[in-house]
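Heads up, the thing below is written out as structure tokens.
The values are calculated or read from the model by the stated rules, or taken from the named source; none is laboratory data. For clarity, every value in this text was computed on a predicted model and none was experimentally measured. As a convention, Cβ positions derive from the backbone with ideal geometry for all residues, glycine included, and neighbour counts pool all protein chains shown.
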Amino acid sequence: MADENKPQLTEDEKIERKAKLFRIISRILIVVSVIVIGVFIYYAIGTKENIATQTAFDTEELRSKIKQIINLEIRYHQQHGEYAGFKYLQLSKELSQYNPAIAGNFKYKFDPDTGTATGQEKDASHDVNGDVDGNDGLTLSVNWEADVQEGSKGGDFFWTDEDIAYFEKRKAQAQ
């Protein structure tokens, strides 16, 4: 009996109700998808920052040792008029404070012709950044010019902003 008293909807009204319901559901889905995409972007940015922070932490030993080598070489050059070259994992008798860091993840060399210290991962078993190649590294010259070694051009290894500012200050002091 209740159905008899209830007004019957025309076909146009039924279509209009379905369209209205479809628009409401579509808007809800759009809002949900925007929120989900926003969350993914937030976590992606956070992950990139975490990777940069971890890489800076993992290469602290490398950056510190290269700066130490350059300081020792500059001091040695002032005293002897030449640089003391050495190859990877080779002791340098001239630089008494130099230690090739046999227990570390990196190996170092100094080229007296170019005045450049190079530090890189020892091998694939000491792969700090996880790219399975073991040849990433950094360079620094006696003129405080920093660079990334060939294997690291992808950006895994980098000098920090503090290091770059320090190098600029050292260049200005030398001039």
So Gly81 fits all but one of (1) assigned by TED's automatic domain parsing to the domain that holds Val142; (2) modelled with pLDDT under 90; (3) over 34 Å from the mean Cα position of the chain (by Cα); what number is the exception? (2)
Ile74 is checked against (1) surrounded by fewer than 19 Cβ atoms within 10 Å (Cβ to Cβ); (2) within 19 Å of Glu61 (Cβ to Cβ); (3) of a type in the set (A, V, I, L, M, F, W, C); (4) modelled with pLDDT of 90 or more and fails just one. What number does that condition carry? (2)
Residue that is modelled with the lowest pLDDT [pool: residues in segment 104-142 that are in contact with a Phe, Trp or Tyr (Cβ under 9 Å, 6 or more places away or on another chain) and over 20 Å from Lys87 (Cα atoms)]: Asn129
